[in-house]
Amino acid sequence: MLSYDTKYRVCYGDTYRMGVMYFGHYPRLYEIGRTDLIRVIWKSYREVEESGIILPVRSLNAVYHKPAIYDEVLTIRTIIKEVPKVKFKLFSEIYNEKGQLINDGEVVLGFIDAATGKPRRAPEEFTMVLQGKMI
């Protein structure tokens, strides 16, 4: 298992009038977390796309436990539990400043060849990096 934490401050534009973060913004936090994790362990999404691979979302699941509040600093924990093959499953946990789990989710991406639009295996370079980090 490999995890990485990203900090995010809830801005006013993220919230309803009452200062509670809009439920539709949580998947964006999952994306912020996963792009940070991939950048830290391998390369940026831009570099991934320039290498001819795109990673569209195949499915997303979110569970809401408590609301995020305006101006709170959240911790987005992104977790990879297994080395991907064609599907790339990531888990997200979002914690408030008190360390309470307020949201968790799962996102499944697909490795797609940008030229053909067809599924492909995860790049060996990426799986090797993960195998080295997850041991």
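The values are calculated or read from the model by the stated rules, or taken from the named source; none is laboratory data. Everything quoted here is computed from the prediction, not taken from an experiment. Note that we place each Cβ from the backbone using ideal geometry, even for glycine, and neighbour counts take in every protein chain shown.
A few remarks follow.
- So GLU82, is it acidic (Asp, Glu) and either surrounded by 13 or more Cβ atoms within 10 Å (Cβ to Cβ) or more than 15 Å from LEU130 (Cα to Cα) (or both): no
- Every pair of residues 6+ apart whose Cβ atoms lie under 8 Å, when the first sits in segment 103-129 and is without any contact (Cβ under 8 Å) to a residue 24 or more places away in the chain while the second is surrounded by 14 or more Cβ atoms within 10 Å (Cβ to Cβ): LYS118/ILE112
- Checklist (1) outside any strand (DSSP E or B); (2) closer than 24 Å to VAL20 by Cβ; (3) not β-branched (Val, Ile, Thr) applied to LEU74, failing item: (1)
- Residue in segment 110-129 that is surrounded by 15 or more Cβ atoms within 10 Å (Cβ to Cβ), in a strand (DSSP E or B) and in contact with a Leu (Cβ under 9 Å, 6 or more places away or on another chain) present: yes
- Where MET1 falls short, out of the listed (1) at pLDDT 95 or above; (2) more than 18 Å from GLU125 (Cβ to Cβ); (3) in contact with a helix residue (DSSP H, G or I) (Cβ under 8 Å, 6 or more places away or on another chain): (1)
- Complete set of residues in segment 1-27 that are buried (at least 17 other Cβ atoms within 10 Å of the Cβ), assigned to a strand (DSSP E or B) and of a type in the set (Ser, Thr, Tyr): TYR4, THR6, TYR8, THR15
- Which numbered condition TYR30 fails, given (1) in contact with a Ser or Thr (Cβ under 6 Å, 6 or more places away or on another chain); (2) of a type outside the set (Gly, Ala, Ser); (3) assigned to a loop (DSSP other than H, G, I, E, B): (3)
- Any hit, segment 80-91, residues being within 21 Å of LEU2 (Cα to Cα), at pLDDT 95 or above, in a strand (DSSP E or B) and among the aromatic types (Phe, Trp, Tyr): yes
- Test: SER51 is free of Cβ contacts under 8 Å to residues at least 12 places away in the same chain, within 24 Å of ARG121 (Cα to Cα) and out of contact with any Gly (no Cβ under 9 Å at 6 or more places or on another chain): no
- Considering TYR30, TYR95, the condition of being under 30 Å from ASP14 (Cα atoms), touching a Gly at 6+ places or on another chain (Cβ under 8 Å) and crowded, with 18+ Cβ neighbours inside 10 Å is satisfied by TYR30 alone.
- The one condition from (1) modelled with pLDDT of 95 or more; (2) more than 20 Å from LYS133 (Cβ to Cβ) that GLU47 does not meet is (2).
- Extreme residue, farthest from the chain's Cα centre (by Cα), among residues of segment 40-60 that are outside any loop (DSSP other than H, G, I, E, B) and more than 15 Å from PHE88 (Cβ to Cβ): GLU50
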